[in-house]
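Q: Quick one: the structure is below, questions incoming.
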Protein chains: 2
Amino acid sequence: MKIGIIGTGLIGGSLGISLKNCGFATQVFGFDATEGYAEKAKELGLIDEAMPLDRLILQSELIIIAIPVDATVRIIPGILNNVTNQIVIDVGSTKEAIHSIAKSHKNGKRFVATHPIWGTEYSGPTAAVAGGMKGRITVICNTEDSDNDAVEVVEKMYTTLGMRIVHQDAQSHDIHAAYVSHISHLTSFALALAVLDKEKEEEQIFRLAGAGFESTVRLAKSNPDTWTPIIKENRSNVLDVLNDQIFYLRQMKKLIEMEQYDTLHKLMEQANEIRRIIK
Amino acid sequence: MKIGIIGTGLIGGSLGISLKNCGFATQVFGFDATEGYAEKAKELGLIDEAMPLDRLILQSELIIIAIPVDATVRIIPGILNNVTNQIVIDVGSTKEAIHSIAKSHKNGKRFVATHPIWGTEYSGPTAAVAGGMKGRITVICNTEDSDNDAVEVVEKMYTTLGMRIVHQDAQSHDIHAAYVSHISHLTSFALALAVLDKEKEEEQIFRLAGAGFESTVRLAKSNPDTWTPIIKENRSNVLDVLNDQIFYLRQMKKLIEMEQYDTLHKLMEQANEIRRIIK
């Protein structure tokens, strides 16, 4: 199958090379609005050919949009205007807005909203990883609003990559993603900011950083061009979980201020219940 | 050298087996107030012999206290009362209180305050890891308050384990540890609590949890018996960094509420500076 990838960075590039490697793609075309990215992706073997967007849409059977979520929302009507029988998917971290825009488009049934749950804190074509998504989950949203043949192809693509498929409506997806992904990034950014501030007074502060710090702060290396749009698109769910997170931090603060360590201990025990989820 | 370990859990047990493996210890004695822990540690080969505390103090040349930091503070005077020429160290995550108590003791010069920067979210003898500390940093505090021969032995022990030594006063240690370790645990506990709460409404919420969530939440599995005392002992520094963390989360919340995404983007860019520290 001829696949066109719009956005040949971390996610698009990883999909390109992985789909070539597993034989699902016979040819991978790439377009990227960032100068030099598509050429770099070709050089790295992530795509076979860089080409302008209009040609990519014409020549591809399956078009994958892998760009920041606000840009996806902006370009999707123009892309759908130009499809006949092609399938179009996006792979972004928020799904409600894109699903709703595609649904109202006359060619919207050629679109499938997906979210492969994989990524790293790096970005651009050089960050692409072949086979990185294997064993991970892909969410596919509101398949009832897409043509059956389109859903079939997309599901086959993800299972060929070794991914497990979860069906979910776009609205639930965005709530869940706020709680198990977006807030992790915001707390990590906040933690980095707090410690970087303190470094101005305490120069050597990072000497004592161990594995625990590293694991909670590594997401703060993530690309603001990716994450600002995600937060924007998922604004109300993100505000909910930010409130919850701040509530618990303030509760801990209050308990420490009042030296109610037994209650703090109980809260930590309650948090330990996460062992059920994270082995 | 004959080494006695008080507390044969994650840290004490790991030190026992590692010190045996590298040849620094000729014999390792162990005591643990938790029933069955010392026997389990012997069974796992972490120590050579389990014995009562008073005999352990008499028979050891180097005594390592590896128990929760508040318990260390409680038992240190009694242990120092009974040492003649033995060396005593602790390996806890807070240093100011223990250093100050030991300093005021008549045998306080036999004590060295240390903190090997290593650990996992697991606890007890079964969590011990041989050689896990290799390549990590150990902080040794206020060596001017300890006998030279004691400091020499302790430094040799840690370098034999393959650790790098950083000298620091106890007060700076506690500030730094609050910022690069203790707050990571509190934010992780808070994140776990927020998502576990949400799970009551959204049963399947953890299906979408990826590597990013896992890395920011794994510390929430940590033992409350270890972490409540650390927070208690480092109360004022922890309150400072909690305030900073809450400040940044509230700032993000405000920016999202007011839809000031350019400023949010700038904050994230600022946080990206952590790339300088975490490669």
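Read the figures in this text as sums done on the coordinates, not as results from a lab. These figures come from a predicted structure and were not determined experimentally. Heads up, the Cβs are rebuilt from the backbone with ideal geometry, glycines too, and the neighbour counts pull from every protein chain shown.
Q: Among A:Phe111, A:Phe24, A:Phe213, which one moves the most in a GNM of chain A with springs linking Cα atoms closer than 10 Å?
A: It is A:Phe213.
Q: Next question. Remind me, what semi-axes does the range B:173-276 give for its equivalent ellipsoid, largest first in whole Å, using sqrt of 5 times each Cα gyration tensor eigenvalue?
A: Working: eigenvalues 115, 96, 35 Å².
Gyration-tensor ellipsoid for the range B:173-276: 24, 22, 13 Å.
Q: Right, something else. Return A:Ser93, A:Ser18 ranked ascending by Cβ neighbour count within 10 Å, so the fewest neighbours appear first. Could the numbers behind the result be given before it?
A: Working: A:Ser93 27, A:Ser18 24.
Listed from fewest to most nearby Cβ atoms, that is A:Ser18, A:Ser93.
Q: Using unit Cβ charges (K, R positive; D, E negative) and no other charged atoms, how large, in debye to the nearest 20, is the dipole of the range A:36-77 about its Cα centre? Don't skip to the answer; put the middle values down first.
A: Working: 4 positive and 7 negative charges, 24 e Å.
Computed charge dipole of the range A:36-77: roughly 120 debye.
Q: Where the label is 7 Å out from Cα toward Cβ, how close does A:Arg207 come to the same position in every other copy, in nm, shortest first?
A: Spacings between copies for this position, smallest first, are 5.0 nm.
Q: Quick query: amide H of A:Phe111 versus all other amide H atoms, modeled in the peptide plane; which residues come in under 5 Å with a sequence gap of 5 or more or a different chain?
A: A:Val88, A:Asp147
Q: Show the residues, 5+ positions off or on another chain, whose built amide H is closer than 5 Å to the amide H of B:Arg136.
A: Result for B:Arg136 returns B:Arg164.
Q: Give me Rg/Rg_expected for the range A:96-243, where Rg uses Cα atoms only and Rg_expected = 2.2 N^0.38 Å with N residues.
A: Details: Rg = 18.5 Å, N = 148, 2.2 N^0.38 = 14.7 Å.
Cα-based Rg divided by the globular estimate yields 1.26.
Q: Let me ask something additional. Positive end of the dipole of chain A, charges at C-beta (+1 Lys, Arg; -1 Asp, Glu), about the Cα centre: which of A:Ile11, A:Thr72, A:Leu191 has its Cα farthest in that direction?
A: The residue sitting most towards the positive pole is A:Ile11.
Q: Once each part is reduced to its C-alpha centroid, what is the distance from the range A:241-279 to the range B:209-279 in angstrom?
A: 14 Å
Q: Sort A:Lys95, B:Lys198, B:Lys2 so the one with the fewest other Cβ atoms within 10 Å of its own Cβ comes first. Please report the intermediate quantities before stating the final value.
A: Numbers: A:Lys95 27, B:Lys198 19, B:Lys2 16.
Placing the least packed residue first, the sequence is B:Lys2, B:Lys198, A:Lys95.
Q: Over the Cα atoms of the range B:2-168, each weighted equally, I'd like the Debye log10 I(q)/I(0) at q = 0.12 Å⁻¹, rounded to two decimals.
A: -0.44
Q: At B:Arg74, with labels set 7 Å past Cα in the Cβ direction, how many nm apart are the copies from this one, shortest first?
A: 6.2
Q: Then there's this: For B:Asp149 and B:Thr34, calculate 0.36 nm times their separation in residues minus their Cα-Cα distance, and state this gained length in nm to one decimal.
A: Numbers: separation 115, 0.36 × 115 = 41.40 nm, distance 3.24 nm.
Result for the pair: 38.2 nm of gain on full extension.
Q: Test of understanding: given chain A, find the longest segment containing no GluC sites (Glu not before Pro) that are in a DSSP loop and have at most 12 other Cβ atoms within 10 Å. Show your work: numbers first, answer last.
A: Values: sites that count: A:Glu35, A:Glu201, A:Glu203, A:Glu259.
The segment A:36-200 is the longest one with no such site.
Q: Shielding of A:261-268 by partners, i.e. mean partner chain Cβ atoms within 10 Å per residue? Display every interim value, and only then the final one.
A: Values: counts 7, 1, 1, 7, 7, 2, 7, 14.
What the average comes to for A:261-268 is 6.
Q: Let me ask something else about it. Throw me the Rg/Rh for the range B:138-219, computed over C-alpha atoms with Kirkwood Rh, two decimals.
A: Details: Rg = 20.0 Å, Rh = 16.0 Å.
Checking Rg against Rh, the ratio lands at 1.25.
Q: Distances from B:Asn85 to the same residue in each other copy, label points 7 Å out along Cα→Cβ, in nm, shortest first?
A: 9.3
Q: As a test of the definition: which semi-axes, in Å, follow for the range B:112-181 when you take the square root of five times each eigenvalue of its alpha carbon gyration tensor? Largest first, please.
A: Values: eigenvalues 91, 57, 20 Å².
Whole-Å semi-axes of the equivalent ellipsoid: 21, 17, 10.
Q: Can you compute 3J(HN,Hα) from phi for each residue in the range A:165-181, using the Karplus curve 6.51 cos²θ - 1.76 cosθ + 1.60 with θ = phi - 60°, rounded to whole Hz and x for Gly and Pro?
A: Result, ordered by residue: 9, 10, 9, 7, 7, 4, 5, 4, 3, 5, 5, 4, 5, 4, 7, 10, 8 Hz.
Q: Most exposed first by the Cβ proxy, i.e. fewest other Cβ within 10 Å, how do B:Thr94, A:Thr228 rank?
A: Placing the least packed residue first, the sequence is A:Thr228, B:Thr94.
Q: If the convex hull of the alpha-carbon atoms of the protein assembly as shown is projected onto planes in all directions, what is the mean projected area in square nanometres?
A: Details: hull surface 104.9 nm².
For the protein assembly as shown, the mean projected area of the Cα convex hull comes to 26.2 nm².
Q: Continuing with the same structure: With only alpha-carbon pairs counted, each pair once and no self-pairs, how large is the Kirkwood hydrodynamic radius of chain B in angstroms? Don't jump to the answer; show the numbers that get you there.
A: Details: mean 1/r = 0.0493 Å⁻¹.
The answer is 20.3 Å.
Q: Can you give the calculated 222 nm mean residue ellipticity of the protein assembly as shown, where each DSSP H run of n ≥ 4 adds -39,500 (n - 2.57) and the sum is split over every residue, rounded to the nearest 500 deg cm²/dmol? Please list the in-between numbers first.
A: Details: 24 runs with 272 residues, N = 558.
For the protein assembly as shown, the value works out to -15000 deg cm²/dmol.
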